[in-house]
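The values are calculated or read from the model by the stated rules, or taken from the named source; none is laboratory data. Predicted model, so just to flag it, every value in this text is computed and none were measured. Backbone-built Cβ (ideal geometry, glycine too); neighbour counts: all protein chains shown. The area values use the complete protein model at the heavy-atom level, side chains included, leaving out ligands, DNA and RNA. Shrake-Rupley method; radii C 1.70, N 1.55, O 1.52, S 1.80 Å.
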Amino acid sequence: MESSYLTVDFFRKLPQEVEKVGNPGNPAPANTIDRISDGHFRRIASNVSSYINMVSETLRNSIPKAVVYCQVKEAKQCLLNYFYTQIGKKEGKQFADLLDEDPALMERRLQCAKRLELYKKARDEIDSVSWVR
């Protein structure tokens with residue numbers, strides 16, 4: 001996940017090493033070239049090490065959060081399932097008491113539910129007749 005990109009912060013945190021090279025007009029001795037190559041490889045190693053440390057720190061911070069998130073999500077789902085099961089067991093009067101619903105509104109809701117059942121039965125009856133043809 002983290003290996004596919006470099007962030008701006010990564011580059012800001014990199015150590016800034018400046019290699020001093022001799023006068024460009026003079027030919028560089030072999031030990032100066034070796035020192036430049038050595039410095040170049042050290043800089044690459046430093047950059048890789050910095051990146052690995054950044055990724056490790058990000059993972060150290062995000063893994064516990066991800067674990068807790070998954071645990072909370074699972075617990076939430078279990079609690080909701082338990083709640084739905086308990087609510088589903090309630091009888092009409094107990095359910096009405098839990099809702100603390102206005103009696104007129106409750107009566108209207110019950111009438112709508114009965115009407116809906118009649119509509120469903122009518123639909124099923126129409127469907128059964130229309131499939132016979």
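For the residues Phe95, Phe83, Phe41, a 1.4 Å probe over the protein chains yields an accessible-area ranking, largest first, of Phe41, Phe83, Phe95.
Spin-label model, Gln77/Lys65: points 7 Å from Cα along the beta carbon direction are separated by 2.2 nm.
Which entries in Lys73/Lys120; Lys93/Lys121; Lys76/Lys120; Lys76/Lys121 show an alpha-carbon gap greater than 32 Å? Write down the numbers at each step before the final one.
Working: Lys73/Lys120 37 Å; Lys93/Lys121 26 Å; Lys76/Lys120 35 Å; Lys76/Lys121 37 Å.
With Cα atoms farther than 32 Å apart: Lys73/Lys120; Lys76/Lys120; Lys76/Lys121.
The phi torsions of segment 71-77, fed into the Karplus equation with coefficients 6.51, -1.76 and 1.60 and a -60° offset, translate into couplings of 5, 5, 4, 5, 5, 4, 5 Hz, rounded to whole numbers, with Gly and Pro shown as x. In this structure Ile52 has an accessible area near 100 Å², from a 1.4 Å probe over the protein heavy atoms. The label-point distance for Lys90 and Asp102, in a model that sets each label 7 Å from Cα toward Cβ, rounds to 1.9 nm.
What the phi angles of segment 46-55 give under the Karplus curve with 6.51, -1.76 and 1.60, with θ = phi - 60°, is a coupling list of 5, 5, 5, 4, 4, 5, 4, 5, 5, 5 Hz, glycine and proline written as x.
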